[in-house]
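Heads up: the structure comes next, in structure tokens.
The values are calculated or read from the model by the stated rules, or taken from the named source; none is laboratory data. Everything numeric here is computed off the predicted structure, so don't read it as measured data. All Cβ positions, even for glycine, are placed from backbone atoms using ideal geometry, and neighbour counts span all protein chains on display.
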Amino acid sequence: MIKIGEATYSPTQLLVNYAEQGNLTIGKFCSIGTDVRVYLGGNHRSDWLTTHPLHKYFNPKDHIDSDIPGYPGTNGDVTIGNDVWLADRVVIHSGVIIPNGCIIGSDSVVREYDNDFLNEFGIYLGNPLQKVGTRGQAALLHLKLSIPWWDWPMEYIKEIYPLLQASDYKPVVEYFFFNKEKIQDEISRNKT
């Protein structure tokens, strides 16, 4: 199953390989570049004596992949948080969890073992993936708000989007505390 959050966009179609092997969840307000690929499975068995799917070659009509336990393999679902930017040609393998606010730079490859060092609002690049920075102001904003801006009702986000497209987090915090009760009330109403 593929679930994509509100206001997430991509200029081209997202390429999801082996979608039948897992779930892909993408949060709200994500920016996805061109030629981004997500692999939900398709892993060859490294514990076999061969990595080749010989059953497809010798008995293509008699055997389908689902007849062979663990083939093709997967490392699990892929979850991408809110306000994440995946730049052009990023490759994401099964089992990956990308936290809120991350930036993954062009041509980067994200693997399951990268989960251990991916942090909210981190900036990552490369193959192998390396942390090259932090979205400092965005991280500070997140710490100051009891409700992340992407969970606010859309009318409030629409009202302040110019403030979100700036570097200073303080006006957003001021707006939030001035409107906090209204925002919380509307969120509560929408949950029921």
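Just give me the residues in region 162-181 being without any contact (Cβ under 8 Å) to a residue 12 or more places away in the chain, over 21 Å from E120 (Cα atoms) and of a type outside the set (D, E), in sequence order.
P162, P171, F177, F178
Each row is one residue, and each column tells you yes or no for (1) assigned by TED's automatic domain parsing to the domain that holds F177; (2) in a helix (DSSP H, G or I); (3) surrounded by 12 or more Cβ atoms within 10 Å (Cβ to Cβ).
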| site | (1), (2), (3) |
| --- | --- |
| G101 | no, no, yes |
| P128 | no, no, no |
| S146 | yes, no, no |
| W150 | yes, yes, yes |
| I157 | yes, yes, yes |
| Y161 | yes, yes, no |
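Taking region 168-192, which residues are among the aromatic types (F, W, Y), within 11 Å of I147 (Cα to Cα) and surrounded by 14 or more Cβ atoms within 10 Å (Cβ to Cβ)?
F176, the sole residue that qualifies.
Among (1) in contact with a strand residue (DSSP E or B) (Cβ under 9 Å, 6 or more places away or on another chain); (2) touching a residue at least 60 places away in the same chain (Cβ under 8 Å), where does P148 come up short?
(1)
Which residue, of D185, D114, is among the acidic types (D, E), under 18 Å from the mean Cα position of the chain (by Cα) and not in a loop (DSSP other than H, G, I, E, B)?
It is D114.
Could you check S106 against (1) in contact (Cβ under 8 Å) with a residue 40 or more places away in the chain; (2) hydroxyl-bearing (S, T, Y); (3) not in a loop (DSSP other than H, G, I, E, B) and say which number it fails?
Only one criterion is unmet by S106, namely (3).
Just the residues that are at pLDDT below 85 and either more than 30 Å from I4 (Cβ to Cβ) or in a strand (DSSP E or B) (or both), please, taken from region 55-88.
H55, K56, Y57, F58, N59, P60, K61, D62, H63, D67, I68, P69, listed by residue number.
Can you tell me which residue in region 15-43 is nearest to P53 (Cα to Cα), limited to those that are among the polar types (S, T, N, Q) and assigned to a strand (DSSP E or B)? Outline the logic, then answer.
Initial filter on region 15-43 (among the polar types (S, T, N, Q)): 17, 21, 23, 25, 31, 34, 43.
Now restrict to residues that are assigned to a strand (DSSP E or B): 17, 25, 31, 43.
Details: N17: 18, T25: 29, S31: 36, N43: 11 Å.
Step by step, filter region 15-43, then rank; the result is N43.
Name the single residue, out of those in region 82-99 being free of Cβ contacts under 8 Å to residues at least 40 places away in the same chain and closer than 18 Å to I32 by Cα, that is surrounded by the most Cβ atoms within 10 Å (Cβ to Cβ).
I98
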